[in-house]
Amino acid sequence: MKLNFIYSPIYDNLLTDMSRKEFSNEQTKEMEFYKEEFEAIWEKDEEKVMKEIEKVANLKFNGNRNCFIVRNMKYAAISRPLTIKRVDHLDRAKTILIHELIHNLLEDNKNLVKSLIEKIYPLESTEFKIHVPVLLITKKVVENIYNEKILDEIIKDEMKREVLDRVWPTVNLIYPKFRGDIVKFLKNEKLF
């Protein structure tokens, strides 16, 4: 699976307007440069990251993806259409992208995962249910590729976000049992 990074001034303008900010020509230049910079850094790890995501989840992506890069929007990223907001630290941008790619992977394989997670957490919100497998896989991938310090920074950052602040404690509780293969884990593990 390969990523094709796209900077669309029209899409960026739309999301900037929705963020109640002013769009400018300078923003276009800045974002075109940022796209090139991020793309170059991502390409160094892309193959390793994609293989690790698929290995940890024991699932496969259904084809290549476009990834839009924008200056302003409410969220740090969205999974469909795959879009990441500019962040100053490119290493953090990579881990945000990993999180969103895992959303895409699980969406590609929702027929295998959705009913299992629904059974385990019937009373939780949809956002909670979606994020349990996403964060389990994210944690294992980041642990395997990067290091504990980066993982701690991610958790600290995401604990400030609504929903994720409720999901991370659950994930941290069940994580010691997670060895990989999200479908097998959700089918077989006694999570509580």
**OP:** Treating the angle as unsigned and between 0 and 90°, give the value, to the nearest 10°, between the Cα long axis of helix 164-174 and the longest Cα principal axis of the chain.
**Re:** 40
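For the chain, compute the orientation-averaged projected area of the C-alpha convex hull (one quarter of its surface), in nm².
10.7
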Subject >> Approximate shape of region 3-105 as ellipsoid semi-axes (Cα gyration tensor, √5λ), whole Å, largest first >> reply: 25, 14, 11
**OP:** On a C-alpha basis, how far is the centre of region 29-104 from the centre of region 174-188 in Å? Whole number, if you could?
**Re:** 25
Subject >> Charge dipole (debye, nearest 20) of region 110-188; +1 at Cβ of Lys and Arg, -1 at Cβ of Asp and Glu >> reply: 400
Original post:
For region 117-183, treating each Cα as an identical point scatterer without solvent, what Debye log10 I(q)/I(0) comes out at q = 0.15, 0.25, 0.28 1/Å?
Top reply: -0.46, -1.20, -1.39
**OP:** Within region 1-41, list the GluC sites (Glu not before Pro) lying in a DSSP loop whose Cβ has at most 14 other Cβ atoms in a 10 Å radius.
**Re:** 22
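Viscosity 1.002 mPa s, temperature 20 °C: what is the translational diffusion coefficient of region 44-87 from Stokes-Einstein with a Kirkwood Rh over Cα pairs, rounded to a whole number of µm²/s?
Answer from the Stokes-Einstein relation: 178 µm²/s.
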Original post:
Which distance in nm do the two modelled labels at residue 160 and residue 127 give, with both placed 7 Å along the Cα-to-Cβ direction?
Top reply: 1.7
Original post:
Between residue 90 and residue 187, how many nm apart are label points set 7 Å from Cα along the C-beta direction?
Top reply: 4.2
Original post:
What are the GluC sites (Glu not before Pro) within region 125-192 that DSSP puts in a loop, where the Cβ has at most 16 other Cβ atoms within 10 Å?
Top reply: 162, 189
Original post:
How big is the charge dipole of the chain about its Cα centre, in debye rounded to the nearest 20, if each Lys and Arg gets +1 on its Cβ and each Asp and Glu gets -1 on its Cβ?
Top reply: 800
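Taken together, the values in this text are just the output of simple stated rules run on the coordinates, not laboratory data. Keep in mind that what you see is a predicted model, and the values were worked out from it rather than measured. Backbone-built Cβ (ideal geometry, glycine too); neighbour counts: all protein chains shown.
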